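As structure tokens, the structure follows; a few thoughts come after it.
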Amino acid sequence: RARRRSVPTTDMEVRGVGEVLTLFNECCASSLFPFLEATYAESRLKVSASRLRVWDAFVVRYDAAAQRSLPTHQDDSHLSLTIALNETGEYDGGGTSFEDLGGEGFVRPEKGCVVAFPGELRHGGRAVTRGGRYIIAVFLWVAEESP
């Protein structure tokens, strides 16, 4: 996929593991999509849960000994999400930085927390200096009409 060429990551597609895909789909329907509708319904995207479509979802590993970070970039999606999969005590550094917030503008969410933002917002993965950080990266589109 283009995401691997433009901004390569050490990853595994969510759809490649049946149990993970089932949990992910349940989470989208019960929590993520309603949250995104409540957050972005009044935005220019006019988000409604029934119009959200997952374009891609994959587990990414950032590791102090391998892929430590991700350069600043923007995604080819309407909305992007990162879902933290492990505790912040399991690694040093890491987190998602946002260019518009300057060098000090970053988030380092706890396990289970979601960071949601417009795909056009320039962001990057800060370097992990110890241990490993695991996230699910999700790219979403808002469909023209509900199914």
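Tabulated values for the structure
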item	result
Check on SER31, polar (S, T, N, Q), in contact (Cβ under 8 Å) with a residue 24 or more places away in the chain and open to solvent by less than 70 Å² (accessible area, probe 1.4 Å)	no
Number of the exception - VAL128 against (1) free of Cβ contacts under 8 Å to residues at least 60 places away in the same chain; (2) surrounded by 13 or more Cβ atoms within 10 Å (Cβ to Cβ)	(1)
Residues of segment 88-120 satisfying the condition of being part of a loop (DSSP other than H, G, I, E, B) and either on the phi > 0 side of the Ramachandran plot or open to solvent by 50 Å² or more (accessible area, probe 1.4 Å) (or both)	GLY94, GLY95, GLY102, GLY103, GLU104, ARG108, GLU110, LYS111, GLY112, CYS113, GLU120
Residues (of a type outside the set (S, T, N, Q), part of a helix (DSSP H, G or I) and in contact (Cβ under 8 Å) with a residue 40 or more places away in the chain) located in segment 41-65	ARG51
Total residues in segment 38-74, condition among the β-branched types (Val, Ile, Thr) and over 21 Å from SER97 (Cα atoms)	2
Per-region count, segment 60-76, residues surrounded by fewer than 19 Cβ atoms within 10 Å (Cβ to Cβ), touching a His at 6+ places or on another chain (Cβ under 9 Å) and over 22 Å from VAL47 (Cβ atoms)	2
From the options LEU23, LEU52, LEU79, residue that is under 20 Å from GLU145 (Cα atoms) and either open to solvent by 80 Å² or more (accessible area, probe 1.4 Å) or in contact with a His (Cβ under 9 Å, 6 or more places away or on another chain) (or both)	LEU52
Top-ranked residue in segment 1-40 [being out of contact with any Lys or Arg (no Cβ under 8 Å at 6 or more places or on another chain) and part of a loop (DSSP other than H, G, I, E, B); ranked as modelled with the highest pLDDT]	VAL17
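The values are calculated or read from the model by the stated rules, or taken from the named source; none is laboratory data. Every value quoted in this text rests on a predicted model; they were computed, and no experiment measured them. Reconstructed Cβ throughout: ideal geometry from the backbone, glycine too, with neighbour counts over all protein chains shown. Keep in mind that these areas ignore ligands, DNA and RNA; they rest on the heavy atoms of the full protein, side chains included. Shrake-Rupley method; radii C 1.70, N 1.55, O 1.52, S 1.80 Å.
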